[in-house]
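J.: Here's a structure for you.
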Amino acid sequence: MEKREFDIIVFGASGYTGSFVVEELVKSYPRNSSNGFKWAVAGQTFNELDSVLEEVSELTGKDCSGVDKFLADASDLPSLIQMASKCTVIITSVGPFRFLGENLVKACLTAGTHLIEASGEVQYILKMQLLYNTEAADKGLYIVQACGFASVPADCGTIFLQQKFPGDLNSVEIFVETNDTKKSRTFNYASYRCLVYIHSERKERDTLESLLNHGPKFPHEHSMAHKGYLHYNEDVHRWCQVNFQCDNSVVLRSQQLLYEAGNKRPVQSQSYFVWPNFIKVVIGVTYLLFLAFLCHFTLFRSFIEKHPRIFSLGSCNPNKKIPRDVIGSLGFKITIIGKGWPEGTSHENIPTVTHCAQVSGYNPMYGASAIMLIQAAITVLTEKDKMFGRGGVLPPGAAFAKTTFI
């Protein structure tokens, strides 16, 4: 690839997640520094971009007025192609991706640009892999999806545990836990819309997964036990609910790709949300099941989408920006428990070795995701020769398995 004017462009920089990406870039990779990375921002209007740059200047104490800006619209393919032609890698957090993501994939394929997405919508992720993986690989381009909180800790954490496990890893259970110190759970409207459509398209998801994962299957000697939608887990001593988001699908896709590419033994997996107590289990699961049922009907889904304050139980207010101290109070912990056999032993008996990996931090959906997105982009810039295959539309675990990102 020819040298371009910019290494990275942040598309959607004026959005809520995008503003965190810009802040983290200013802190860690300031303009005119010796690290060698040159970056810019892009969005729908210069006024919005100027506003977020002014905000980041106040937060960091660093002047951002000279950051280069480009106009681009997710619904305007020519503007996206023009933006993509200016850089080597684009970071995007513009969602919902099922409505706003595909044009940017097309633009990057046209312009010959790598793409790092914060996409966490399973149907969109699977569809892009089905439609564009071959073209991306043929062009030597990496379109890496789910590079935020969903699903870098789960997917890359599983790869990390595989690499460190003293023998053959058979299965992992992934436990996602949050802890809000200010008891003020909140998220923005784009995240709310994503959740609405994740609930609504389960049949489409199943169809896409069957079309995508049709390759050879590894004959596991011991199938992983499924513990049900809701259960009390003795490993974490908490009530757990099956994670309906993208983590498990992303992990399994990485495992299948690595198996097909190098005959690497794939790991079975299941992902769970962890509830702090039984009362919250009853309230939370009842609410989620009710919401999921309503979202299957177009009329109800439209009503839910238009009234986020009601159906998010006050957690989402599209007319109010979330204060940084509020969103920063939300902590997270992801625990990955792996089970397998000691090196060189028979697999006839049940797995006897258990190892654990853990990732924790704060502000998972925005601040932590911003760091993950940036590090993924820098890995593409600096370690492309170590990445999976020739290119493709890939999950992060498979894409970065042999890089220092893991």
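J.: Could you pull out the residue among 41, 56, 26, 21 that is surrounded by 15 or more Cβ atoms within 10 Å (Cβ to Cβ), among the aliphatic types (A, V, I, L, M) and touching a Ser or Thr at 6+ places or on another chain (Cβ under 6 Å)?
T.: Just one listed residue meets the conditions, 26.
J.: Let me ask something additional. Only one of these conditions is not met by residue 51: (1) more than 16 Å from residue 91 (Cα to Cα); (2) within 24 Å of the chain's Cα centre (by Cα); (3) open to solvent by 30 Å² or more (accessible area, probe 1.4 Å). Which number is it?
T.: (2)
J.: If you don't mind, there's one more thing I want to ask. Name every residue in region 22-79 that is farther than 25 Å from residue 322 by Cα, at pLDDT 90 or above and among the basic types (Lys, Arg), in order of residue number.
T.: Listed by number, the list holds a single entry, 38.
J.: Just to verify a result, which residue in region 324-348, among those that are assigned to a loop (DSSP other than H, G, I, E, B), out of contact with any Ser or Thr (no Cβ under 9 Å at 6 or more places or on another chain) and over 26 Å from residue 233 (Cα atoms), is least open to solvent (accessible area, probe 1.4 Å)?
T.: Quick first cut of region 324-348, residues assigned to a loop (DSSP other than H, G, I, E, B) only: 328-329, 343-348.
Subset that is out of contact with any Ser or Thr (no Cβ under 9 Å at 6 or more places or on another chain): 328, 343-344, 346-348.
Next, from what is left, pick out any that are over 26 Å from residue 233 (Cα atoms): 328, 343-344, 346.
Working: 328: 30, 343: 156, 344: 82, 346: 68 Å².
In this case the residue turns out to be 328.
J.: Which pairs turn up if I take residues in region 1-25 that are more than 10 Å from residue 43 (Cα to Cα) and look for partners that are part of a helix (DSSP H, G or I) and open to solvent by 30 Å² or more (accessible area, probe 1.4 Å) with beta carbon separation below 7 Å, at least 6 apart in sequence or on another chain?
T.: 7/381; 19/55; 23/59; 23/60; 24/371
J.: Do any residues in region 376-387 that are more than 16 Å from residue 91 (Cβ to Cβ) have Cβ atoms under 7 Å from those of residues that are open to solvent by 10 Å² or more (accessible area, probe 1.4 Å), where the two are at least six apart or on different chains, and which pairs are they?
T.: Here the result reads 383/403; 383/404; 386/402; 386/403; 387/403, each pair linking region 376-387 to a residue that is open to solvent by 10 Å² or more (accessible area, probe 1.4 Å).
J.: Sort through 154, 146 and tell me the only one that's in contact with a helix residue (DSSP H, G or I) (Cβ under 6 Å, 6 or more places away or on another chain), open to solvent by less than 10 Å² (accessible area, probe 1.4 Å), farther than 25 Å from residue 72 by Cα and small (Gly, Ala, Ser).
T.: 154 is the lone residue from the list that is in contact with a helix residue (DSSP H, G or I) (Cβ under 6 Å, 6 or more places away or on another chain), open to solvent by less than 10 Å² (accessible area, probe 1.4 Å), farther than 25 Å from residue 72 by Cα and small (Gly, Ala, Ser).
J.: Could you check region 104-128 and list, in sequence order, the residues that are open to solvent by less than 10 Å² (accessible area, probe 1.4 Å), in contact with a strand residue (DSSP E or B) (Cβ under 7 Å, 6 or more places away or on another chain) and over 18 Å from residue 85 (Cβ atoms)?
T.: Those that are open to solvent by less than 10 Å² (accessible area, probe 1.4 Å), in contact with a strand residue (DSSP E or B) (Cβ under 7 Å, 6 or more places away or on another chain) and over 18 Å from residue 85 (Cβ atoms): 117, 128.
J.: Quick one: count up the residues across region 217-233 that are at pLDDT 90 or above and open to solvent by 90 Å² or more (accessible area, probe 1.4 Å).
T.: Final tally of qualifying residues: 1.
J.: Then there is this: Where the second residue is modelled with pLDDT under 95 and part of a loop (DSSP other than H, G, I, E, B) and the first is of a type in the set (Phe, Trp, Tyr) and open to solvent by less than 30 Å² (accessible area, probe 1.4 Å) and lies in region 166-191, which pairs have Cβ atoms under 7 Å and are six or more apart or on separate chains?
T.: 175/236
J.: Checking the condition in a loop (DSSP other than H, G, I, E, B) and crowded, with 17+ Cβ neighbours inside 10 Å, which residue from 318, 351 passes?
T.: Working: 318 fails: crowded, with 17+ Cβ neighbours inside 10 Å.
Answer to the check: 351.
The values are calculated or read from the model by the stated rules, or taken from the named source; none is laboratory data. All values reported here derive from a predicted model rather than from experimental measurement. Reconstructed Cβ throughout: ideal geometry from the backbone, glycine too, with neighbour counts over all protein chains shown. When the accessible area is computed, the model is the full protein with side chains, heavy atoms only, and any ligands, DNA or RNA have been set aside. Shrake-Rupley method; radii C 1.70, N 1.55, O 1.52, S 1.80 Å.
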